[in-house]
Structures are given as C-alpha cells and as structure tokens.
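K.L.:
Can you read through this structure? Questions will come right after.
Readers should treat all values here as calculations from the given coordinates under stated rules, not as data from a laboratory. These numbers were taken from a predicted model, which means no experiment stands behind them. Positions of Cβ are backbone-derived with ideal geometry, glycine not excepted, and every protein chain shown enters the neighbour counts.
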Amino acid sequence: MRCGRKRKWTVSSTIRSASAADALSLLNIYKPIVENTTVSFELRVPAVEEFAKRIEKSVSSHEWLVLDDNGVLCGYAYGTEHRAREAYQYSVETSVYVHPEYRQKGVGEKLYSELLYRLAQAGFHRAFAGIALPNPGSIAIHSKLGFTEIGVFKEIGYKFNSWHDVSWWQRRL
C-alpha cells in the first residue's frame, strides 16, 4: 500500500524486520503518543539510544516489524516478553503503532497480521495486548484480528493527573 494514498498494496511497500537504524523514525511515530495521549503509559519519551535497544532486544527474541514504503516508515508492530517467569515463555505481549497520516488505511492491520503470523511460526502460543481506555480504534483492530477481551484492570495507570483503566485482550496463535 502506498501509505498515504491508496488502500491497494504496491510492490514498493514492504513489511520487514526493524533494526536499531530505524529507531529515530519509529520514535518520531511514538513521541506524540507518549506526550499527548494515554495510549502509552510512558511518562517521558525515551532517548533514541534506549529505543534502539528495545528494537534490538525484541528482534533477538520475538519480532519487531515496520511497514516501509520507499524509505518512509508508516508504522510498526512488535512482540515482547509477556512475563519473566519461564512458564510464560510461549506467551507474548503485542503492540502496534501507526503514523497519524497513515491511520485508517490498513497499515496497522497489515502489520499486526504479519506480526501474529510470524510469532505463531516462531512457536508462541498466545498473544496478549493491553488497551488503555478509552481507545475505540485499538479495540476495533484487536477485535478484527481475533483477540477477545479478558478483563479490565481498573485505575491501573496514572497519567495526565488522572487514573486510567486498561482492558486486556488475548488471542491464540
């Protein structure tokens, strides 16, 4: 898909594994989410070096994908460790972020679908996602991709001087 133009995917658009070299471009997608929304519970934007380390860690054990349209990174999706205890090794926590100019164009769905496929191929059993409420867009994509809600953690995050709930979702891979 030509990211801001058409719904049809083109040869020039590819989903590929992220690398540390993508950190600045991806951080530019993430920065306004941290600064202006409760979608992320981070209170400060991470440094580029920290973000690059996150990418490297995820790629080494799970997946971190980007949609690259002729050098323009339109969005990213990744999987990370769900919990540290060994029995959780087949569970993965997932997230997807799309640049504002490219939302509602299928970028997030395409990235997330590929992420879930690759995680299943890698042997992961179940994917989990936390959605800070309210977030109808995130609920819509997770529902469309087969996630089901399993519960709400009430007032679990404190950001912008108020408490926020997080809805937890799961999907068998």
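K.L.:
Can you give me the relative contact order of the chain as a percent, contacts being Cα pairs under 8 Å and 6 or more apart?
P.N.:
20 percent
K.L.:
In nm, to one decimal, how far is the Val72 label point from the Asn161 one, both placed 7 Å along Cα→Cβ?
P.N.:
Here the modelled spin labels are 3.8 nm apart.
K.L.:
Among residues other than Val34 whose Cβ falls under 14 Å from its Cβ, what is the net charge (Lys/Arg +1, Asp/Glu -1)?
P.N.:
Around Val34, the charge tally is +1.
K.L.:
With Cβ to Cβ distances under 15 Å as the rule, what net charge do the other residues near Phe153 carry (K, R +1; D, E -1)?
P.N.:
With Lys, Arg at +1 and Asp, Glu at -1, the net is -1.
K.L.:
Grab the alpha carbons of the chain, take their convex hull, and tell me the volume per residue in Å³.
P.N.:
Taking the convex hull of the Cα positions in the chain, it is 115 Å³ per residue.
K.L.:
Magnitude of the Cβ-charge dipole of the chain, K/R +1 and D/E -1, about the Cα centre, nearest 20 debye?
P.N.:
Taking the Cα centre of the chain as origin, the dipole is about 560 debye.
K.L.:
Quick one: what are the phi-derived ³J(HN,Hα) couplings along the stretch 150-159, Karplus 6.51/-1.76/1.60 with θ = phi - 60°, whole Hz, x for glycine and proline?
P.N.:
Working through the residues one at a time gives 10, x, 10, 8, 6, 6, 8, x, 10, 8 Hz.
K.L.:
Which value in deg cm²/dmol, rounded to the nearest 500, describes the helix-derived mean residue ellipticity at 222 nm for the chain, given -39,500 (n - 2.57) per DSSP H run of n ≥ 4 and division by the residue count?
P.N.:
It lands at -9500 deg cm²/dmol.
K.L.:
Say the cut-off is 23 Å between C-alpha atoms; which of Lys57/Lys154; Lys31/Lys105; Lys31/Lys159; Lys110/Lys159 go over it?
P.N.:
Violating the 23 Å Cα-Cα cut-off are Lys57/Lys154; Lys110/Lys159.
K.L.:
Still on this structure, I have one more. Sort Arg83, Arg171 so that the residue with the fewest other Cβ atoms within 10 Å of its own Cβ comes first and the one with the most comes last.
P.N.:
Starting with the residue having the fewest Cβ neighbours, the order is Arg83, Arg171.
K.L.:
Further question: Could you work out the local net charge near Ala18, counting Lys and Arg as +1, Asp and Glu as -1, over the other residues with Cβ closer than 13 Å to its Cβ?
P.N.:
Within the 13 Å Cβ shell, the charges total 0.
K.L.:
Could you name the aspartates and glutamates in cross-link range of Lys53, using Cα to Cα under 15 Å and dropping any fewer than eight places away on the same chain?
P.N.:
Within the straight-line limit of under 15 Å, Lys53 reaches these aspartates and glutamates: Asp22, Glu63, Glu81.
K.L.:
Here is a follow-up. With unit charges on the beta carbons (Lys and Arg positive, Asp and Glu negative) and the dipole taken about the Cα centre of the stretch 1-121, which residue among Leu27, Val98, Tyr78 sits farthest to the positive side?
P.N.:
Farthest towards the positive end: Val98.
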